[in-house]
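Okay, so here's the structure we're looking at.
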Amino acid sequence: MQAKVLKANISENIKIAANLILRGKLVAFPTETVYGLGADATNSEAVSRIFTVKERPAFDPLIVHVASMEMLCMVAKGIPDIAWTLIDAFWPGPLTLVLSKKDEIPDIVTAGLPTIAVRMPRNKVALALIKESGVPIAAPSANSFSRPSPTSVNHVIDDLGSKIDLILDDGPAQIGIESTVLDLTCSPPSILRPGGVSRESLERILRKVSVSLGNEDNVFRAPGQMKQHYAPRAKMMLFVGKRRKKVIISMRERIKELGKMGKVGKIGVMVPEEYLTYFNNENVVAVGLGSLTSTEAAAKKLFETMRALDKIGVNYILALAPSKKGIGLAIFDRLFKAAGSQLIEVD
Ligand code: TXA
Ligand code: MG
């Protein structure tokens, strides 16, 4: 059966969604980052359905969404002072804090870990849904495992439409890239996944913060750190270099080479709008990903573009790596993982 889609700006619909959550059903709902697939975090059967419909491995823990400080205290214990400072600065918003888990929260939510990832989303609908249901809501991104995260209802329908109970439609997600996951159970605090809150803005508050994105030793602390993740179906090639124009030339050369191989079909390109004119070949579908001056715009379009190029059926996507400043670090991280953790360096 296809999931029902209801407009999120009608309070009656929030009540319907909250009732479903309380009955152990799955509801996809908007957040300011990406759409989430929600279940009552205190109901282990409901949470186990999240793993089934997403085909998500059981070792990959979920983020729990709260709407008040009381709810935070229902799920986490021993909350350190620094957490409260960060909460003052960034909640509601795209910052997920990893804290010590309370025993009352079923182990399946955190994949058996003694820690729990918590955030208070900034989206009004998300907050209303959590408040109306009165329970913390466990929600990963509402995509099939390893597909790009969903930034609009159509993406949720494409991946999960026949497997879930309801989708609340609030239009396109405002930020378009997931929250920053910050581990506060270690010293110094560690960014496990860069996201909507930048490293620089965390550094303004934390004296020291480490960034642990790789899995050099093959031990990943957060499953978002797996080498291949957020992947489009096409083969992604990520080009990086100090001199952007030189990188563009190298991308154009690669397109020619691919063309010579024959039968490559269409080739996708993702570059800042200013560079689109360099990619007007017949076999190329070039999409402007933000502009040189707005990485926020690139973040908003990133996953949507990967999905759109997949729909067109391109076999390759060539992307220009953004600067790692601000939300650029999160964009870089997602592109890098989509490219199977490989870079094409141009010097
Ligand atoms: O913006 C977001 O964070 C979205 C919206 C829906 O809130 N959610 C999201 O959830 O991206 P998900 O499940 O796709 O990603 C959750 C990330 C994963 O990388 C997971 O490993 C990490 O958070 N995580 C969850 N619990 C953790 C824990 N206890 N320790 C370390 N990492 C954890
Ligand atoms: Mg996800």
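The values are calculated or read from the model by the stated rules, or taken from the named source; none is laboratory data. Only a predicted model underlies this, so the values are computations on that prediction, with no experimental measurement involved. When we count neighbours, we look across all protein chains shown, and the Cβ atoms used for this are built from the backbone with ideal geometry, even at glycine. Note: accessible area is taken over every heavy atom of the protein model, side chains too, but ligands, DNA and RNA are not part of it. Shrake-Rupley method; radii C 1.70, N 1.55, O 1.52, S 1.80 Å.
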Problem - the range 163-188: number of residues that are assigned to a strand (DSSP E or B) and either open to solvent by less than 10 Å² (accessible area, probe 1.4 Å) or farther than 21 Å from Thr110 by Cβ (or both) - result: 7
Handout entry: Odd one out for Glu200 among (1) among the charged types (D, E, K, R); (2) open to solvent by 20 Å² or more (accessible area, probe 1.4 Å); (3) within 14 Å of ligand 1 (Cβ to nearest atom)
Key = (3)
Completion exercise
When the range 114-157 is checked residue by residue, the ones that are more than 21 Å from Leu95 (Cβ to Cβ), touching a Lys or Arg at 6+ places or on another chain (Cβ under 7 Å) and within 16 Å of ligand 2 (Cβ to nearest atom) are Ser144, Phe145, Pro148, His155
Handout entry: Selection status of Val271, in contact with a helix residue (DSSP H, G or I) (Cβ under 9 Å, 6 or more places away or on another chain) and over 14 Å from Arg244 (Cβ atoms)
Key = no
Completion exercise
Here the residues within the range 134-162 that are within 14 Å of Gly38 (Cβ to Cβ) and either open to solvent by 10 Å² or more (accessible area, probe 1.4 Å) or within 10 Å of ligand 1 (Cβ to nearest atom) (or both) are Gly134, Val135, Ile137, Ala138, Ala139, Pro140, Ser141, Ala142, Asn143, Pro150
Problem - Ala126 closer than 30 Å to Glu296 by Cα and either among the hydrophobic types (A, V, I, L, M, F, W, C) or buried (at least 24 other Cβ atoms within 10 Å of the Cβ) (or both) - result: yes
Exercise for the section: Taking the options Arg221, Arg207, name whichever one is assigned by TED's automatic domain parsing to the domain that holds Asp159, assigned to a loop (DSSP other than H, G, I, E, B) and at pLDDT below 95. Expected result: Arg207
Problem - Breaking point among (1) closer than 27 Å to Ser198 by Cα; (2) modelled with pLDDT under 95, for Phe239 - result: (2)
